[in-house]
1. For Ala49, are the conditions met, namely being within 18 Å of the chain's Cα centre (by Cα) and either within 16 Å of the ligand (Cβ to nearest atom) or farther than 18 Å from Glu15 by Cβ (or both)?
2. Being modelled with pLDDT of 80 or more and open to solvent by 90 Å² or more (accessible area, probe 1.4 Å) is the filter; apply it to region 27-40 and report the residue that is farthest from Asp78 (Cα to Cα).
3. So if I check each of Arg43, Arg24, which one is at pLDDT 90 or above and charged (D, E, K, R)?
4. On the basis of being among the aliphatic types (A, V, I, L, M), within 16 Å of the ligand (Cβ to nearest atom) and either at negative phi or assigned to a loop (DSSP other than H, G, I, E, B) (or both), does Ala59 make the cut?
5. Check off (1) away from the ligand (no atom under 16 Å from the Cβ); (2) modelled with pLDDT of 90 or more; (3) within 18 Å of Gln9 (Cβ to Cβ) for Pro101 and give me the number that stays unchecked.
6. Look at Glu6 and say whether it is open to solvent by 70 Å² or more (accessible area, probe 1.4 Å), in a loop (DSSP other than H, G, I, E, B) and either among the polar types (S, T, N, Q) or away from the ligand (no atom under 16 Å from the Cβ) (or both).
7. Tally time: how many residues in region 68-98 are open to solvent by 30 Å² or more (accessible area, probe 1.4 Å) and away from the ligand (no atom under 16 Å from the Cβ)?
Amino acid sequence: MMTNEEKSQLKEKLEQEKAKVEKRITSLKDLTKSVEPDNAIGRVSRMDAINNKSVNDAALRTAQNKLQSIENALQDIDDEEFGHCKRCGKPIQMGRLVIMPESTKCVKCAQL
Ligand SMILES: [Zn+2]
């Protein structure tokens, strides 16, 4: 079982992470605004802009998924099951939960 102290530490880290991801989403949304066809930026840079857009679109989706996992983790953190490996039942390493709050398996089991 995770101690209350560990839980509040994790919560704090998740909140920080959440703020970071939210910031990233905001700036990515800015970058993925549709490319205007009649911009003064010439054909080649328009191609660049379109290429960048698809890269940024993918990054935006990743960031949105990440945000979702963080929100889920924050919601479930008080459950007794939270932070335990779905496979072996052992506690999942704290560092792992911070980096990948969507983890449902410990490092060992995830590698199997
Ligand atoms: Zn495990």
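1. Working: within 18 Å of the chain's Cα centre (by Cα): no; either within 16 Å of the ligand (Cβ to nearest atom) or farther than 18 Å from Glu15 by Cβ (or both): yes.
Against the criterion (within 18 Å of the chain's Cα centre (by Cα) and either within 16 Å of the ligand (Cβ to nearest atom) or farther than 18 Å from Glu15 by Cβ (or both)), Ala49 does not qualify.
2. Taking region 27-40 first, the residues modelled with pLDDT of 80 or more are 27-33.
Among the residues that remain, those that are also open to solvent by 90 Å² or more (accessible area, probe 1.4 Å) are: 29-31, 33.
Numbers: Lys29: 32, Asp30: 35, Leu31: 36, Lys33: 38 Å.
Within region 27-40, the match that is farthest from Asp78 (Cα to Cα) is Lys33.
3. Working: Arg43 fails: at pLDDT 90 or above.
Only one candidate passes the filter, namely Arg24.
4. Numbers: among the aliphatic types (A, V, I, L, M): yes; within 16 Å of the ligand (Cβ to nearest atom): no; either at negative phi or assigned to a loop (DSSP other than H, G, I, E, B) (or both): yes.
So Ala59 does not fit the description; no.
5. So the condition that Pro101 fails would be (2).
6. no
7. So the answer is 9.
The values are calculated or read from the model by the stated rules, or taken from the named source; none is laboratory data. These numbers come from a predicted model, not from an experiment. Using ideal geometry, Cβ is built from the backbone for each residue, glycine included, and neighbour counts are taken over all protein chains shown. Note: accessible area is taken over every heavy atom of the protein model, side chains too, but ligands, DNA and RNA are not part of it. Shrake-Rupley method; radii C 1.70, N 1.55, O 1.52, S 1.80 Å.
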